[in-house]
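To start, the structure itself, in structure tokens.
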Amino acid sequence: MNISGKLVNLRNQQNISQYKLAKLSGVSQAGLSDIELGKKQPTVHTLEKILQALNISWAEFFAEDLPDIPPDIRSIIEIVKRLTPTQREALQHFLETLQITK
């Protein structure tokens, strides 16, 4: 797996500059640049900070065959993951109703 290329793609998909990602993650811009250029491999701690800034889970980052999910849909998925089963069921009914009223 090409970690550096994947990070660059995720950053570009979210329309975030390298400078902004460095600020959001707390990783120096020089360090982030070295990681993106493949000059350095990130530590687990550094990669965690970058993924959190990108709002990407470890599973999403390392999943090979998942289609690209737009950032807005990804954030909805993250919210839904934190709901209780009852809340998920209510949300599902709401979305089904919303779909019917198109």
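The values are calculated or read from the model by the stated rules, or taken from the named source; none is laboratory data. Since this is a predicted model, take the numbers as computed values, not measurements. Neighbour counts are summed over all protein chains in view; Cβ atoms, including those assigned to glycine, are modelled from backbone coordinates with ideal geometry.
Miscellaneous remarks
- A search for C-beta distances below 6 Å between a residue of region 29-47 that is farther than 22 Å from E60 by Cα and free of Cβ contacts under 8 Å to residues at least 12 places away in the same chain and any residue that is basic (K, R) and not in a helix (DSSP H, G or I), counting only pairs 6+ apart in sequence or on different chains, returns D34/K40.
- Verdict on A63 being touching a Leu at 6+ places or on another chain (Cβ under 9 Å), of a type in the set (G, A, S) and over 20 Å from Q18 (Cα atoms): no
- When L83, L95, L91, L37 are checked against the criterion of being closer than 19 Å to V8 by Cα and out of contact with any helix residue (DSSP H, G or I) (no Cβ under 6 Å at 6 or more places or on another chain), a single residue qualifies: L37.
- Restricting attention to region 1-57, the residues that are at pLDDT 95 or above and small (G, A, S) add up to 9.
- Number of the condition not met by V8 [criteria: (1) loosely packed, with under 13 Cβ neighbours inside 10 Å; (2) touching a residue at least 24 places away in the same chain (Cβ under 8 Å); (3) assigned to a helix (DSSP H, G or I)]: (1)
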